[in-house]
Amino acid sequence: MNSMVRLTGRLVAAGRALTGISEGELATSAQIPLETLRLLESSGAAWIGNDESRSLGQALQTFGAVIIPESDGMGAGVRLKFTRQDTRQIGRLESEGGVVRSDDVP
C-alpha cells in the first residue's frame, strides 16, 4: 500500500468483506485491539489515524486486498489482488504437500 493512502472505516470494512476475513483475524494481523477495529469500521467516512491506517492497510494486503487511492476525481476504493480462479489455484497448489518454504509473492 502506498504510504500516502489514508483509510476510512468504510474502506476497511469493504476490504475485510472482500477478503472474507473476520474482525478478529484482521485485528490480530494489524496488531490492534478488536474493539478499536470495530470503532474504526463504524466511523464510516472519517479518516483513520496514520498508524492504524498503515497497519490495517498492510494487514489487508496480506489477505489479498489492494487499496486504490483517490485519483482523477474518483474516490478511494479496494479490490482483490487475485481473481477467484487465482485463489483456487493457489489453494490447490498449497494443499498438495511437499517441502514447506516461504512464498515469494509480493
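Listing for the model above:
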{"quantity": "Residue with peak Gaussian network fluctuation, the chain [Cα springs, cutoff 10 Å], from Asp86, Asp51, Asp72", "calculated": "Asp72"}
{"quantity": "Long-range HN-HN contacts of Gly77 with modeled amide H, under 5 Å", "calculated": "Ile68"}
{"quantity": "Kirkwood Rh in Å, taken over the stretch 9-94 so that all alpha-carbon pairs contribute", "calculated": "13.4"}
{"quantity": "Relative exposure of Glu70, Glu41, judged by other C-beta atoms within 10 Å (fewest first)", "calculated": "Glu70, Glu41"}
{"quantity": "Value of relative contact order over the stretch 9-94, rounded to a whole percent, pairs C-alpha under 8 Å and six or more apart", "calculated": "31"}
{"quantity": "Ile68 paired with Ser42, simple spin-label distance in nm, labels 7 Å along Cα-to-beta-carbon", "calculated": "3.0"}
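The numbers here are math on the coordinates, done by the rules we state, and not lab data. All of these numbers come straight from a predicted model, not from anything done at the bench. Cβ atoms come from the backbone with ideal geometry, glycine included; neighbour counts cover every protein chain shown.
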